[in-house]
Amino acid sequence: MMSPIAIQSAKEAAERAAAGEEIKGSGRRRTEYTRPSIKDSILAAVSIDALADLRRNLVIAIAAGGMRKADDKTRSAWEEALWQRVVALILGAETAEEASYIYNVILRWPKLPHVAFAIEAALEVVGKILPSPAERLAREGITIEGVTS
């Protein structure tokens with residue numbers, strides 16, 4: 001059933017077509033609205049807090065049934081992107097404290113064993129690159145007997 005406005009528009013279009021005027025388009029919206037995919041949004045998260053908010057909102061939306069198109073394959077791709085971004089954030093951490101903060105945020109997130117291993121390895125790499133707290137204290141001239149001496 002068509003609305004009164006649609007009926008009137010169709011009548012006017014039919015009259016114009018009968019008069020030989022060309023009717024443009026079908027009345028369908030031509031505007032395309034684009035937004036980044038969820039996977040792209042996950043990979044573009046600038047901090048662990050933004051990533052945690054995005055993850056929380058996705059979990060809530062899926063649980064509430066608001067994301068009907070989120071099948072297992074799609075969720076798997078999102079999860080892969082999520083852990084890929086977490087590892088990138090850990091490896092990009094400027095301090096050991098920042099890497100530890102990221103690790104603590106994701107500590108209770110469910111993860112597969114190989115993902116947990118990759119995160120532990122990334123954390124270890126960042127920890128080895130950065131000086132230990134004792135070395136930082138020694139550089140600042142603070143001496144703690146038995147630790148920095």
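Would you point out which residue out of Arg55, Arg85 is within 21 Å of Lys128 (Cα to Cα) and at pLDDT 90 or above?
After applying the criteria, what remains is Arg85.
Say we look at the range 1-47 and pick out the residues that are at pLDDT below 85 and β-branched (Val, Ile, Thr); which of these is farthest from Thr74 (Cα to Cα)?
Among them, the one singled out is Ile23.
Looking at the range 89-141, which of the residues that are surrounded by fewer than 17 Cβ atoms within 10 Å (Cβ to Cβ) and among the acidic types (Asp, Glu) is modelled with the lowest pLDDT?
So the residue we want is Glu135.
Count, please, the residues in the range 69-126 that happen to be part of a loop (DSSP other than H, G, I, E, B) and within 17 Å of Asp40 (Cβ to Cβ).
Count: 2.
Give me the residue from the range 47-77 that is among the charged types (D, E, K, R) and farther than 25 Å from Ile90 by Cβ and, out of that set, surrounded by the fewest Cβ atoms within 10 Å (Cβ to Cβ).
Only one residue tops the list, namely Lys69.
Whether any residue in the range 47-66 is touching a residue at least 24 places away in the same chain (Cβ under 8 Å), over 17 Å from Leu112 (Cα atoms) and assigned to a loop (DSSP other than H, G, I, E, B) is what I want to check.
Looking for residues that are touching a residue at least 24 places away in the same chain (Cβ under 8 Å), over 17 Å from Leu112 (Cα atoms) and assigned to a loop (DSSP other than H, G, I, E, B), one finds at least one in the range 47-66, hence yes.
If you take the residues in the range 7-46 that are in a helix (DSSP H, G or I) and under 41 Å from the mean Cα position of the chain (by Cα), which one is nearest to Leu89 (Cα to Cα)?
In this case the residue turns out to be Leu43.
The values are calculated or read from the model by the stated rules, or taken from the named source; none is laboratory data. Quick caveat: nothing in here was measured; it's all calculated off a predicted structure. Note that we place each Cβ from the backbone using ideal geometry, even for glycine, and neighbour counts take in every protein chain shown.
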